[in-house]
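J.: Shown below is the structure under consideration.
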Amino acid sequence: MIRYDKQSRLLVLDNGSIGYVLYVNEAGYIETLYFGKKLSDYTELLAVRGGEVGCSSYYDPVKNEEWSYADKYRDDRTPLEVSSHGLADKRGAPVVVRGADGSFVTDLRFAGVRRSKGAPVLEGLPCAHGNCETADILLEDARLPVRVHLYLSIYADKDVLLKSFRIENAGRKAVRLVRAMSMQLDLPRRNYDLVHFHGRWAKERDLCRDEVKDGVREISSNHGRSSAEENPFVYLQERGGSADRGEAIGFNLVYSGNFKFRLLSDKFCGVHVTYGMNDEDFEWKLAPKEKFYTPQAVIAYSAEGTDGMSQAFHRFIREDLVRYAFDGAYKPVLFNSWEGCYFNFDTELILSYIDDAATIGTELFVLDDGWFGARDHDRAGLGDWTVNKKKIDLARVMAHCRERGMKFGIWFEPEMVNPDSSLFRAHPEYALGGEGTLGLGRHQLHLDFANADVVENIYRQMKAFFDEYPVDYVKWDYNRTVTDHISRALPADRQGEVYHRLVLGYYALLGRLTSEYPHIMFEGCASGGGRFDMGTLCYCPQIWCSDESDPAQRIDIQFNTSLGYPLSSIGSHVNDSPVASYAAKAALALFGTYGYEMDPRKLTEQECSALSETTALYKKYHGDVIERGTLYHLLSPSEGNTMCMQCVSRDKSASLVLFMNKLKEWDIFRFVRLRGLDAKKRYACSFDGRTYSGEYLMRVGLNFSEEMLAEFDFRLVVLTEA
Ligand code: GLA
């Protein structure tokens, strides 16, 4: 898949479907000659590299002469793998190092390449595995004693690339990294739209489409977490393209902290992308011999529409990113106590919830916030992870679950502390922030996870809990953004490391617990979907998608999230918001990891039996069709009043289609063309009881003509091979 030809100086990554082609020029800069659908002959690319004329010239003060590279290289406009910093290339370098002399000029040149099987292991960071090959390209700075490895991996069975850097100080004095992003990608300019996912609490991942125009565009987070405000998933789409037409290039980052996607569209018809950790307030001291790994950037490519890109990401996340134990595993039907009773429960109430939850087919009961310390409200208790025995008899609750054949799970928020807690009273220095007033978020402070003692303290508390209460599931919450990013454990010249060290602390704790308790399924959460990212997905096969379960917002949240993340990772519950019927909410939640979150005592018998039916549907189809199937986005709610998604099992024998509208509509005459079926197979359709050929359903479509569609009306269609 990867070849480097010393003669032609071409480095080719080709998996039989896509090609990524680099050329090491005379100056030692790595030119990006091509990225896209595989070509049959890559040497043709050498004929007119970048279409550039001219060259750069330099002055040599020793010889007192001017000279130039004889080649067609222009350092401000040739597409490159790694731009320099402080030289003529002003487009933006991915890596900037301050030397021991305080200078900023960074000029990385090719020094060799090695191939290896598999993906690189990035110390301290979550990273992908799977069937890929890696080019380990060594770069050396023209002046500074730094060695940089550019890791570039290509997958054999999916159109996905990985990119990251390892930066080493090979000198005798400390240097400082002031920018350590993960990748650069220079492309010739086409008519691209930049699509990103902007939002806020309970309205995560609104799709925003911007035409790529001259100048700089930045999509970033400085919230200390990947955030609800912007998601690290972004993509470029050829203008006028659709789910099944046109080129799409998706980007994501295996990281949960501050990120920055920066796109420069320049006057020379080039698009210059740098992506990685946000360099805001970032400065990392690298002592001699020390290494720094940047998070892994993930690029997915499709020449045939955004669904090709989405499907590549979905398979990558399911097969090559989430922990092996949960790779393709069935996700149990979950009942969560939060929206039913919030903090107000006792043992008897929870036992009755469990009994009621059993009647609607629950397989995993989760006790949310409120079971520990003095946590009767959100102003106290965080940091004290011992059971409040006066409030809840957890052993009895767990035994009750087991008797009903249910698993049991619990809520934690390990990175936080309330000022009103024993932990804070004993260790005020454990909270992030300096002297003076500290900014509260939901009445809580952020723990200083840059301090290993703090992480160890929380680890011990959680371990003691897990050893006494063998739970099957943990909801790992994170309910505020980072402010006061001052660590009292770090010296003055290391405060620029705080944001990143907090994330490393999160991974250290989560990584340790998930490896010591591999059977426990951890679900990520951050005030709903404020940390929905690939870093978290490495450890947590599913993430609570949003605190908003009401279809009014959920239609968009669910659909848009699934453009970048598989349905098997999207935590979705049926709640009792009054806007739509239980049936509509259940149909929507089916396209995710299914669960319930309400006071089950309020359900009528009729509602219980309707919900049980959907639970049965989930149990029957989740594994093959939703968890491991292929997802198609048929109608986008961002483009109109209706949404339609379809999932097809890998053997194409079964498919689920969900059609849902937002506002009421009259006199609808609509055929929706399905995708991904076997044209030759015949399918029994639950919608109208007929059978259709796959060809008919894909060429003509399912007929959703109706006299009237009420608000949040929906059609859930099951197709099975007849
Ligand atoms: C966050 C989560 C909720 C719930 C509460 C508990 O807001 O998103 O689902 O767990 O915390 O405090």
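The values are calculated or read from the model by the stated rules, or taken from the named source; none is laboratory data. Nothing here was measured: the structure is a model prediction, and the numbers come from that model. So basically every Cβ, Gly included, is an ideal-geometry build from the backbone, and we count neighbours across all protein chains shown. To get the accessible areas, we keep the full protein, side chains included, count just its heavy atoms, and leave off ligands, DNA and RNA. Shrake-Rupley method; radii C 1.70, N 1.55, O 1.52, S 1.80 Å.
J.: Return the Rg/Rh value of the stretch 334-627, two decimal places, where both radii are evaluated on C-alpha atoms and Rh is the Kirkwood radius.
T.: Details: Rg = 19.3 Å, Rh = 19.8 Å.
Using Cα coordinates only, the ratio equals 0.97.
J.: Pop a pseudo-label 7 angstrom from the Cα along the beta-carbon direction at both A399 and D376 and give the gap in nm to one decimal.
T.: Here the modelled spin labels are 2.7 nm apart.
J.: If the viscosity is 0.890 mPa s and the temperature 25 °C, what translational diffusion coefficient in µm²/s does Stokes-Einstein give for the stretch 206-262 when Rh comes from Kirkwood over Cα pairs? If you can, show how the numbers build up before the last one.
T.: Details: Rh = 12.6 Å.
In µm²/s, the coefficient rounds to 194.
J.: To continue, here is another question. Using label points projected 7 Å from each Cα along Cα→Cβ, tell me how many nm separate E429 and Y324, to one decimal.
T.: Result: 4.1 nm between the two label points.
J.: Further, regarding this structure: Just to be sure I understand the model, the point goes 7 Å from the Cα along the line to the Cβ. What's the resulting E348 to L39 distance in nm?
T.: 7.6 nm
J.: Shifting gears a bit: Just how far, in whole angstrom, is the stretch 320-349 from the stretch 151-192 if you go by their alpha carbon centroids?
T.: Each part's Cα centre sits 36 Å from the other's.
J.: Checking the cross-link filter: which lysines have an alpha carbon closer than 24 Å to that of K117, excluding same-chain neighbours under 8 positions apart?
T.: The qualifying lysines are K6, K37, K38, K158, K163, K291.
J.: Which residues make up the longest stretch of the chain clear of GluC sites (Glu not before Pro) that lie in a DSSP loop with no more than 12 other Cβ atoms within 10 Å, not counting the sites?
T.: Numbers: sites that count: E26, E123, E280, E435, E639.
No qualifying site falls inside 436-638, the longest such stretch.
J.: Could I ask something else about it? Please compute the net charge surrounding G276, taking Lys and Arg as +1 and Asp and Glu as -1 over other residues with Cβ under 11 Å from its Cβ. Provide the component values of the computation, followed by the final result.
T.: Working: positive: K163, R179, K260, R262; negative: D279.
Summing Lys and Arg as +1 and Asp and Glu as -1 gives +3.
J.: On average, how much area does the Cα convex hull of the stretch 467-595 cover when viewed from any direction, in nm²?
T.: Details: hull surface 40.2 nm².
Computing the convex hull of the Cα atoms and averaging its projections yields 10.0 nm².
J.: Let me ask another. Which angle between 0 and 90 degrees, to the nearest 10, do you get for helix 498-516 versus the longest principal axis of the chain when only C-alpha atoms count?
T.: Orientation of helix 498-516: about 50 degrees from the principal axis.
J.: Within the set of other residues whose C-beta is less than 12 Å from the C-beta of N222, count the net charge using Lys and Arg as +1 and Asp and Glu as -1. Spell out each step's value before the answer.
T.: Values: positive: R225, K260; negative: E218, E229, E230, D279, E280, D281.
Summing Lys and Arg as +1 and Asp and Glu as -1 gives -4.
J.: Which listed residue (N278, L537, L10) has the Cα farthest towards the positive end of the charge dipole for the chain, taking +1 on Lys and Arg C-beta and -1 on Asp and Glu C-beta about the Cα centre?
T.: L10
J.: Write out the trypsin sites (Lys or Arg not before Pro) in the stretch 233-285 meeting two conditions: DSSP loop, and at most 16 other Cβ atoms within 10 Å of their Cβ. Mind dumping the intermediate values first?
T.: Details: sites: R239, R245, K260, R262, K267, K285; in loops: R239, K267.
Passing both the DSSP loop test and the Cβ count: R239, K267.
J.: I'm a student and want to see the number: the projected area of the Cα convex hull of the stretch 10-90, averaged over all directions, in nm². Mind dumping the intermediate values first?
T.: Numbers: hull surface 24.0 nm².
Directional mean of the projected Cα hull area for the stretch 10-90 stands at 6.0 nm².
J.: Want the number for T483 to V48: 0.36 nm per residue separation, take away the alpha-carbon distance, what's left? Write down the numbers at each step before the final one.
T.: Values: separation 435, 0.36 × 435 = 156.60 nm, distance 5.04 nm.
So the extension gain works out to 151.6 nm.
J.: Please report the carbon-and-sulfur percent of the accessible area for the chain; probe 1.4 Å, protein heavy atoms only, DNA, RNA and ligands left out. It would help to have the intermediate numbers written out before the result.
T.: Working: 12950 of 26460 Å².
Carbon plus sulfur share of accessible area: 49 percent.
J.: Report the one residue of H198, A508, N131 whose Cα lies farthest in the direction of the positive end of the charge dipole of the chain (charges on C-beta: Lys and Arg +1, Asp and Glu -1; origin at the Cα centre).
T.: Going by the charge dipole, the pick is N131.
J.: Okay, next question. Which FRET efficiency value, to the nearest 0.05, do you get for R189 and W666 by plugging their Cβ-Cβ distance into 1/(1 + (r/R0)^6) with R0 = 41 Å? Present the calculation step by step, with values, prior to reporting the outcome.
T.: On the way: r = 44 Å, r/R0 = 1.09.
Efficiency for this residue pair is about 0.40.
J.: Trypsin sites (Lys or Arg not before Pro), restricted to the stretch 569-668: which are DSSP loop and have at most 15 other Cβ atoms within 10 Å? It would help to have the intermediate numbers written out before the result.
T.: On the way: sites: K585, R601, K602, K619, K620, R628, R650, K652, K662, K664; in loops: R628, R650, K652, K662, K664.
Sites meeting the loop and neighbour criteria: R650, K664.
J.: For the stretch 169-227, what is the largest minus smallest coordinate of the Cα atoms on each principal axis, given in angstrom and ordered from greatest to least?
T.: 48, 36, 15
J.: So, one more: If you take the Cα atoms of the stretch 634-721, find Rg, then find the Kirkwood Rh from the mean of 1/r over all pairs, what is Rg/Rh?
T.: On the way: Rg = 12.8 Å, Rh = 13.2 Å.
Across the stretch 634-721, the Cα-based Rg/Rh ratio is 0.97.
J.: Please report, in whole Å³, the volume per residue of the convex hull around the C-alpha atoms of the stretch 83-319.
T.: On the way: hull volume 29.9 nm³, N = 237.
Roughly 126 Å³ of hull volume per residue.
J.: Add +1 for every Lys or Arg and -1 for every Asp or Glu among the other residues with Cβ under 13 Å from the Cβ of G676, and state the total. Mind dumping the intermediate values first?
T.: Numbers: positive: R650, K652, R673, R675, K681; negative: D244, E304, D307, D651, D678, E695.
Result for the neighbourhood of G676: -1.
J.: Also: Over every pair of different alpha-carbon atoms in the stretch 231-295, take the mean of 1/r and invert it; report that Kirkwood radius in Å. Display every interim value, and only then the final one.
T.: Details: mean 1/r = 0.0686 Å⁻¹.
Value: 14.6 Å, from the Cα pair sum.
J.: May I pose another question? Looking at the stretch 116-202, which trypsin sites (Lys or Arg not before Pro) are DSSP coil and have at most 10 other C-beta atoms within 10 Å of their C-beta?
T.: On the way: sites: K117, R143, R147, K158, K163, R166, R172, K173, R176, R179, R189, R190, R200; in loops: R143, K158, R172, K173, R189, R190, R200.
Qualifying residues, ordered by number: R172.
J.: Based on a Kirkwood Rh over C-alpha pairs, give the Stokes-Einstein translational diffusion coefficient of the stretch 535-663 at 20 °C and viscosity 1.002 mPa s in µm²/s. Could the numbers behind the result be given before it?
T.: Working: Rh = 14.9 Å.
Result for D is 143 µm²/s.
J.: I would also like to ask the following. Report the calculated FRET efficiency for R114 and A88 (r = Cβ-Cβ distance, R0 = 45 Å), to the nearest 0.05.
T.: 0.90
J.: Right, something else. Send over a whole-number figure in Å² for the accessible area per residue of the stretch 256-347, probe 1.4 Å. Kindly include the intermediate steps, with their values, before the conclusion.
T.: Details: 2740 Å² over 92 residues.
Counting only protein heavy atoms, the per-residue value for the stretch 256-347 is 30 Å².
J.: Okay, next question. What is the dipole size for the stretch 122-193, taken about its Cα centre, with +1 at each Lys and Arg Cβ and -1 at each Asp and Glu Cβ, in debye to the nearest 20?
T.: Details: 11 positive and 10 negative charges, 100 e Å.
Charge dipole of the stretch 122-193: 480 debye, to the nearest 20.
J.: Report the semi-axes of the equivalent ellipsoid for the chain in whole Å, largest first, where each axis is √(5λ) for an eigenvalue λ of the Cα gyration tensor. Don't skip to the end; give the middle numbers.
T.: Working: eigenvalues 393, 241, 78 Å².
Computed over the chain, the values are 44, 35, 20 Å.
J.: Let me ask another. Calculated FRET efficiency, K620 and K173, Cβ-Cβ r, R0 56 Å, to nearest 0.05?
T.: On the way: r = 64 Å, r/R0 = 1.15.
That gives a FRET efficiency of 0.30.
J.: Would you mind computing Rg(Cα) / (2.2 N^0.38 Å) for the stretch 186-338, counting N as its residues? Show your work: numbers first, answer last.
T.: Working: Rg = 17.5 Å, N = 153, 2.2 N^0.38 = 14.9 Å.
Cα Rg divided by the expected 2.2 N^0.38 Å: 1.18.
J.: Another question, if that's okay. Counting alpha carbon pairs within less than 8 Å and at least 6 residues apart, what relative contact order, in whole percent, applies to the chain? Kindly include the intermediate steps, with their values, before the conclusion.
T.: On the way: 1789 pairs, mean separation 71.2, N = 722.
Computed over the chain, the figure is 10 percent.
J.: Let me ask something else. Would you mind giving the average projected area, over all directions, of the Cα convex hull of the stretch 60-116 in nm² with one decimal?
T.: Across all orientations, the stretch 60-116 yields a mean hull projection of 6.3 nm².
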